[in-house]
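Quick notes on the structure that follows.
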Amino acid sequence: MQKDDAKLELPNKEAVELAIKHGTLGQPVIDIQQLGHQGYFTFDPGFMSTASCKSAITFIDGDNGILLHRGYTIADLVQNSSYLELCYLLMNGELPDQTQSDNFSSEIRQHTLVHEQLRNFYSGFPRSSHPMAILCGVVGGLSAFYHDSLNIDNPEHRHIAAMRLIAKMPTIAAMAYKYSIGQPFVYPQNNMSYAENFLHMLFSVPAEPEERPDPILVNAMDRILILHADHEQNASTSTVRTAGSSAANPFACIAAGIAALWGPAHGGANEAVLNMLEEIGSENNIPKYIARAKDKSDPFRLMGFGHRVYKNFDPRAKLMQETCYEVLNHLDLLDDPLFKLAMKLEKIALQDEYFVEKKLYPNVDFYSGIVLRALKIPKSMYTAVFATSRTAGWVANWLEMLGQPPLRITRPRQLYTGHTQRPFVPIDKRT
Ligand code: SDX
């Protein structure tokens, strides 16, 4: 890594030299690790300008709308790869050859079932539970199993935990859906592809004759999984890294990531976009909602718009829009009113100087809900689908962090604004 220095002038102190480090792409970083010894911390709520780690997995160029996974563009991966192949790439750094791909898929197939006792976890939830609440609980519960591989210092234990998580997430998510509608759980079919199996477990009904999912819809689901798989150090991935930095159980770390993803500012936005489109209802209401999104006194935001990193188009949004068009066309739903409303809303927002000036573009969540709705997945399951996909990115980052010893616990400092030390006041003396 190329090394040059920044000089920091501090009051009543010698200037501090801080190394500037360059990665292979993106902005260089100023290494401030020694700053604490100079009597100062940096202050960066939300980590707007902070690099929390070194990573070689994913790179985003927010100004030019570029997303690379191990150097491959998201467009190339969507058009030429599969979700499982992307999982291999994210975890191992290279695309698999045919043997590696076959072995990886076969190893995933060995872990698609969940322990029969795990099924009992579901009955403790009200039927009306949000699937993400169930995912948090059930995936966290997986940390009570698999005592054969709890040593995170053992690469084989780390590997099998990663494979179990990728393999079981669709099963667990589909079970959450089946539980919510009172239908029996559907076992995975290992003669199906990953995306096909996911749709099978979601929609197959024992009483109905076995029908394989529509290949066009399977392809759409595989694209959706590819588009959500990883995205640098986003809130949920950073959460997984933080939990993993204390050497916590891998299943518990992923449960923490699921919790962070659930928020409407993050992975919960896809469900919020559908709610927003349904609330807007018709194109005549668009100006009113655009005005609300611009009104600082109104907490309403245009869901599916804006991004911490992308200040240009989110390349995933364009690919998701294409998938949306293909699926709706295949299902003869191009007149879908919500799809037309979404496109109109996007067009109007992108012509509005507020959105242009603040560089607010549609993100991955803006169209994903419309595709998922066309696949007959209920709104409440949208973020569960996102979590299923993002498990690949979470485990890849967890493996990368644990593979870069020494493991250092994440423990930020603060700007303290509370009381200075003061004497205790007995209760009878308090006014
Ligand atoms: C995901 O990090 C990732 O990579 C996330 C993700 C991934 O793959 O992991 O890409 C997935 O989470 C996508 C984002 C999904 N969330 C939404 O669509 C929710 C709506 N968008 C936002 O709330 C917001 O844009 C964020 C949370 C996405 C980004 O927030 P930032 O970077 O902290 O930006 P900000 O809130 O400081 O906003 C900057 C300005 C503010 O105005 P000012 O205070 O400068 O006047 O833009 C405004 C905001 O009010 N703004 C919006 C807006 N988003 C930002 N105004 C209206 N509608 C919006 N959607």
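The values are calculated or read from the model by the stated rules, or taken from the named source; none is laboratory data. No experiment lies behind these values; they were computed from the predicted model shown. Note that we place each Cβ from the backbone using ideal geometry, even for glycine, and neighbour counts take in every protein chain shown. Heavy atoms of the whole protein, side chains included, go into the accessibility calculation; ligands, DNA and RNA do not. Shrake-Rupley method; radii C 1.70, N 1.55, O 1.52, S 1.80 Å.
Just a few scattered comments:
- With the charge dipole of the chain set up from +1 on Lys and Arg Cβ and -1 on Asp and Glu Cβ about the Cα centre, the Cα lying farthest toward the positive end among the listed residues V371, A176, I32 is that of I32.
- Relative contact order %, the chain, counting alpha carbon pairs below 8 Å whose residues are six or more apart: 20 percent
- Counted by Cβ distance under 12 Å from D230, the other residues give a net charge of +1, where Lys and Arg count +1 and Asp and Glu count -1.
- Protein accessible area in the chain, 1.4 Å probe - carbon and sulfur %: 53 percent
- By the Stokes-Einstein formula, at 0.890 mPa s and 25 °C, the chain with its Kirkwood radius over alpha-carbon pairs has D equal to 105 µm²/s.
- Per residue, the chain exposes an accessible area of 51 Å² to a 1.4 Å probe, with every protein chain left in place.
- Largest GNM mean-square fluctuation across S82, S128, S380, computed for the chain with C-alpha springs under 10 Å, falls on S128.
- Selected from R390, R164, R301 as most flexible by GNM, with the chain as the system and alpha-carbon contacts under 10 Å: R301
- Rounded to the nearest 20 debye, dipole of segment 5-51 from Cβ charges on Lys, Arg, Asp, Glu: 60 debye
- With K and R counted +1 and D and E -1, the other residues having a Cβ less than 13 Å from that of A176 yield a net charge of +4.
- Think of the chain as a dipole: +1 on every Lys or Arg Cβ, -1 on every Asp or Glu Cβ, centred on the Cα centre; then among H69, S106, V309, V309 lies furthest on the positive end.
- Other residues whose C-beta falls under 11 angstrom from the C-beta of Y194 contribute a net charge of -2, scoring Lys and Arg +1 and Asp and Glu -1.
- Charging the Cβ of each Asp and Glu at -1 and of each Lys and Arg at +1, and nothing else, the dipole of segment 290-399 about its Cα centre rounds to 380 debye.
- Max mean-square fluctuation residue, GNM over the chain, Cα-Cα springs under 10 Å, options Q321, Q33, Q183: Q33
- Take E271: with every protein chain present and a 1.4 Å probe, its accessible area is about 40 Å².
- Remark: the chain carries a charge dipole of roughly 1560 debye about the Cα centre, counting +1 on each Lys and Arg Cβ and -1 on each Asp and Glu Cβ.
- Per-residue ³J(HN,Hα) for segment 109-114, Karplus 6.51 cos²θ - 1.76 cosθ + 1.60, θ = phi - 60°, Hz, x for Gly and Pro: 4, 5, 10, 6, 6, 9
- Simple rule: put +1 on each Lys or Arg Cβ and -1 on each Asp or Glu Cβ in the chain, find the dipole, and look at N219, L350, M401; the Cα lying farthest toward the positive end is M401.
- Inter-centroid distance (Cα atoms) of segment 228-296 relative to segment 355-417, Å: 7 Å
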